[in-house]
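All remarks here apply to the structure that follows.
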Amino acid sequence: GAAAPPRGGYVPLAKPPVRKLAKELGVDLHTLSGSAEGGVITREDVRRAAQP
Amino acid sequence: MTDAEADLVILGGGSGGYAAAFRAAELGLSVTLIEKDKLGGTCLHRGCIPTKALLHAAEVADSARDGEQFGVKSVFEGVDMAGVHKYKDGVVTRLYKGLQGLAKAHKINYVEGTGTFSGGTTVTVDGTRYTGKNVVLATGSYSKSLPGLDLGGRIIASEDALKLDYVPKKAVVLGGGVIGVEFASVWASFGTEVTIVEALPRLVPNEDEFASKQLERAFRRRKIAFKTGVKFTGAKQDDNGVSVSLESGETLEADLLLVAVGRGPNTAGHGYDEAGVQMDRGFVLTDDLLRTNLPNVYAVGDIVPGLQLAHRGFQQGILVAEHIAGLDPKPIDEAGIPRVTYSHPEVASVGLTEAAAKEKFGSDVTTLTYDLAGNGKSQILKTSGAVKLVKAPDGPVVGLHLVGDRVGELIGEAQLIYNWEAFPEDVAPLIHAHPTQTEALGEAHLALAGKPLHTHG
Amino acid sequence: MTDAEADLVILGGGSGGYAAAFRAAELGLSVTLIEKDKLGGTCLHRGCIPTKALLHAAEVADSARDGEQFGVKSVFEGVDMAGVHKYKDGVVTRLYKGLQGLAKAHKINYVEGTGTFSGGTTVTVDGTRYTGKNVVLATGSYSKSLPGLDLGGRIIASEDALKLDYVPKKAVVLGGGVIGVEFASVWASFGTEVTIVEALPRLVPNEDEFASKQLERAFRRRKIAFKTGVKFTGAKQDDNGVSVSLESGETLEADLLLVAVGRGPNTAGHGYDEAGVQMDRGFVLTDDLLRTNLPNVYAVGDIVPGLQLAHRGFQQGILVAEHIAGLDPKPIDEAGIPRVTYSHPEVASVGLTEAAAKEKFGSDVTTLTYDLAGNGKSQILKTSGAVKLVKAPDGPVVGLHLVGDRVGELIGEAQLIYNWEAFPEDVAPLIHAHPTQTEALGEAHLALAGKPLHTHG
Ligand SMILES: Cc1cc2nc3c(=O)[nH]c(=O)nc-3n(C[C@H](O)[C@H](O)[C@H](O)COP(=O)(O)OP(=O)(O)OC[C@H]3O[C@@H](n4cnc5c(N)ncnc54)[C@H](O)[C@@H]3O)c2cc1C
Ligand SMILES: Cc1cc2nc3c(=O)[nH]c(=O)nc-3n(C[C@H](O)[C@H](O)[C@H](O)COP(=O)(O)OP(=O)(O)OC[C@H]3O[C@@H](n4cnc5c(N)ncnc54)[C@H](O)[C@@H]3O)c2cc1C
């Protein structure tokens, strides 16, 4: 069909389990810049951000 | 008998109770587990396992009957119920032995007997008082009936249906939920003429409407009759059969009436009421860490309102043990618990139905349905069905619904997607193994991400 | 004929070629797809799909033969090869129609004919020059043989094995990789006495050693003979049979010798060499965005060194199309592509073998094996096997390996775990649906996270 493809919405630059971890640790991914290739936010980035 | 103490006293050795026991023991707690019947409870002895053995025998029967479609000269000459029971009981026995071994390895103090909750954190068995630092109530559920409908003779519940030593010619199944649908499927495969009666407007009414429609279509093709949106008014039985009357005025004649109208919490007569456990219509009320209103008293499994599933019991049991041991377990998202109906075809889901998602996120929820007609492996299996995804507006996939033979095994992947809050864009780049049924999940996510592969864009 | 132009000219309409075509069209590019035989290529017509149809017919045969174990009075009276082919061809035809419909819907300029890459970005078919802004080479692969072993008569490759109109009494399968193992499995189910000969020390030698051991045990039980670590030295055939000699001095007599020693890249005679495409032993060399050494010339699928799998071709085709369209697709992690051998039992894996992980991460790699004997659904299916996890030190799960009937469908979940770099602790709280085979994956992760549920701690 010719219909425009559905928009997927915003995907933060982290793999799903890391996003889930961030949520559990109360870390807002939008405040982080990822350390991995392509700016991907890693588990370590999240853990570091979660430290008091 | 002398009284005994433990970190944890658990009343009921079913899925919820034994999971709590094993996990607590792993965490170094001393555990007393009280069970009046058999370790493993409903699921192992009268539920999940024996029904799935019947369903597999049913699959074997169908496969032999349909061999010609695949070029295989196979003949189906009927079912030997003694043989079916031998097979089914063999599976149960082996798993039961394994479970008993685990209880031993975990050094659980296993007490055989009927326990009564005596208040505080004490359970009494035959006069002996078992006092724990904490108590877990896990007494499970029983097959309900309807007012005026007494079980007995030709009117049976799932427990008896599992033991039947013959294949009924005609059966009426009262209730189109998971248990009713599974038995209907088994019997139809064994050669029974089955009619399902369901008061709600559709089969598997807790599922997304899409799943009901798919299942109903498949059952129609299998000549499994069903009457939905119609109330049962009464049943009469004699030596020749049972006659079931409906509000519509219709009467159904059969050899057997299976009553599968739900399961009630087994919470009466065990001292709960007397001890002041807060309950609602017999279900024990808890907070999201499974704590009852009484200090150090928890409840898990089918007695807690919500999904009545064995793995929910496992998950709750583990959570309670970890909480008691001082870990910090997260509350369980009930919607994240996968649900499978193991009929032919299977129905599997995790997350929200479209209706629930719209209630939660508004009308901008998007959905996508991928038909198994486009899935090579499903074509090879000659099964039809579909996958439906539900997506929150600018958000992750919040519901996955599948219908088709063997799709129950796809729920493992679906469960990760829902619980890890994946976006279609997370799944889309991961091209699935060809040819598998998992590709249907893959294609659905590809399409939802705006990059369909084997579908019209 | 007038010459034609397009954004993208693709040589070869197999998995890799058509995926590139469809995705490019979705992204608004004009596409010419040149195919000399049938859209769908090896996988649909001579590979994945027809073999899996045979394997399902084999499953139906086994099921009928073993019905008694499940209490089902079924009889297996042999295989009707004409019926098997009708079934198999029916599946292929339906999927072929679907694929042709998709090509039409995507407005692909489909050119039937043999193309020659003429350098630059031009492919010539019967004198007509098709020039693209970009060219994708996707000419696939062919069944190899060994020096001095000519195909013909009783010595056949997979293409002929798929068309066989009888069930051989005795067969020798040369090669214990995925194709050899799958045919061995089919024929054994159909009643053939099979011997596999593999030069490397184990069956499915690309898999983790664990998987080879599990598969070999299962094949031994099925009375499928195999000789590993032994080289083939020659074969002779006459009217009565074929005799296969081995380096060990042994001679095997059979009706048929299936040569399944791998597939070579189909890159000769299409102008690649002449145009200066850089190749190594016939494979086209590319960078991680599938670019050859020539500007605007890409290669995908079996002609590119690596896993020869249809869904790898899909993934590569999509990547190339997206790259050409100016998107920014990420390079593919070859280890993240799921691998399934669809024999009875199945072998499935994603990520690294233990050996590869140790090479990459050192000896602190941990592994965990969970036996399907503890998995209820596998017991119900009467299948044995196991799940093995490989974990990086202080890191995620980097390898998942499964053996057992139907475990191919679990690779969807495994694929997410590997590619999303999940830790066992991420998976552990998600209790899997009971009773499914996915629980084996769940239990393995629970155990690896230090909180086993249905295993000894
Ligand atoms: C036919 C059928 C099929 C099912 N299929 C599935 C399925 O496929 N998948 C799934 O997830 N779920 C299935 N279920 C549901 C599943 O069996 C239940 O959710 C699960 O068993 C609940 O676990 P539980 O620990 O709460 O209770 P139970 O398993 O019922 O265990 C309670 C235990 O407590 C004991 N007990 C009760 N009172 C006392 C007392 N006073 N003193 C000592 N002991 C006591 C009982 O003997 C019993 O062993 C099925 C159920 C049925 C009936
Ligand atoms: C028996 C068998 C079983 C298999 N099972 C599986 C499986 O279960 N799962 C899996 O993932 N993979 C499986 N494979 C592998 C899979 O088939 C291949 O990986 C896949 O087909 C590769 O795709 P491709 O596009 O590179 O090449 P192909 O599919 O081989 O397509 C190449 C196409 O190019 C055409 N062509 C070649 N030269 C020219 C020319 N000069 N002009 C025009 N057209 C040309 C050919 O006709 C062909 O259609 C199997 C393979 C075999 C042989």
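At a glance:
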quantity: Label geometry 7 Å along the beta-carbon vector: C:GLY229 inter-copy distances in nm; calculated: 7.0
quantity: Only Lys, Arg (+1) and Asp, Glu (-1) charged, at Cβ; the protein assembly as shown dipole about Cα centre in debye; calculated: 800
quantity: Per-copy distances of the B:LYS360 label point, shortest first, in nm (7 angstrom along Cα→Cβ); calculated: 3.4
quantity: Solvent-accessible area per residue, Å², over chain B with all protein chains present [probe radius 1.4 Å]; calculated: 37
quantity: Derived scalar couplings ³J(HN,Hα) [segment C:341-352; Karplus, 6.51 cos²θ - 1.76 cosθ + 1.60; whole Hz; x for Gly, Pro]; calculated: 9, 8, 6, 10, x, 7, 10, 9, 7, 8, x, 8
quantity: Residue-averaged [θ]222 nm for chain C, counting only DSSP H segments that reach four residues, each worth -39500 (n - 2.57); calculated: -9500 deg cm²/dmol
quantity: Label geometry 7 Å along the beta-carbon vector: B:GLN69 inter-copy distances in nm; calculated: 2.3
quantity: Lys/Arg +1, Asp/Glu -1 at C-beta; the protein assembly as shown dipole; positive extreme among B:VAL387, B:PRO424, B:ALA254; calculated: B:ALA254
quantity: For segment C:100-107, Karplus couplings with θ = phi - 60° (6.51, -1.76, 1.60), whole Hz, Gly/Pro x; calculated: 4, x, 5, 4, 5, 4, 7, 6
quantity: Length-normalised contact order of segment B:155-261 in % [C-alpha pairs under 8 Å, at least 6 apart]; calculated: 36
quantity: Electrostatic dipole magnitude of segment B:345-449 [Cβ: Lys, Arg +1; Asp, Glu -1; Cα centre; debye, to 20]; calculated: 240
quantity: Inter-chain shielding of B:366-377 (mean C-beta neighbours from other protein chains, 10 Å cut-off); calculated: 3
quantity: Whole-number percent relative contact order across chain B, with pairs defined as alpha carbons under 8 Å at least 6 apart; calculated: 15
quantity: Listed residues B:ALA6, C:LEU11, C:GLY153: farthest to the positive end of the dipole of the protein assembly as shown (Cβ charges); calculated: C:GLY153
quantity: Of all accessible heavy-atom area on the protein assembly as shown, the percent that carbon and sulfur account for (1.4 Å); calculated: 49
quantity: Cα-Cα pairs of chain B separated by more than 33 Å (percent); calculated: 43
quantity: Approximate shape of the protein assembly as shown as ellipsoid semi-axes (Cα gyration tensor, √5λ), whole Å, largest first; calculated: 49, 33, 28
quantity: Residue (of C:LEU29, C:ASN206, C:THR121) at the positive-pole extreme of chain C, dipole from beta-carbon charges; calculated: C:ASN206
quantity: Whether segment B:152-229 is rounded, prolate or oblate, judged on the alpha carbon gyration tensor where a/c under 1.5 counts as rounded; calculated: prolate
quantity: Amide H contacts of B:LYS144 (H built 1.01 Å from N, under 5 Å, at least 5 apart or other chain); calculated: B:VAL261, B:GLY262, B:ARG263, B:GLY264
quantity: Computed over segment C:68-218: relative contact order in percent, which uses C-alpha pairs under 8 Å that are six or more apart; calculated: 15
quantity: Calculated P(r) of segment C:345-449 - Cα pairs past 19 Å, %; calculated: 36
quantity: Electrostatic dipole magnitude of segment C:78-179 [Cβ: Lys, Arg +1; Asp, Glu -1; Cα centre; debye, to 20]; calculated: 320
quantity: Accessible area that becomes buried as C packs against B, both chains, 1.4 Å probe, Å², nearest 100; calculated: 7600
quantity: Among beta bridges that DSSP assigns inside the protein assembly as shown, antiparallel share in %, nearest 5; calculated: 60
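The values are calculated or read from the model by the stated rules, or taken from the named source; none is laboratory data. As the structure is a computational prediction, the values presented were derived from the model and not from experiment. No Cβ is skipped: glycine too gets one built from the backbone with ideal geometry, and neighbour counts run over all protein chains shown. Side chains are part of the model used for accessible areas, which takes the heavy atoms of the whole protein and leaves out ligands, DNA and RNA. Shrake-Rupley method; radii C 1.70, N 1.55, O 1.52, S 1.80 Å.
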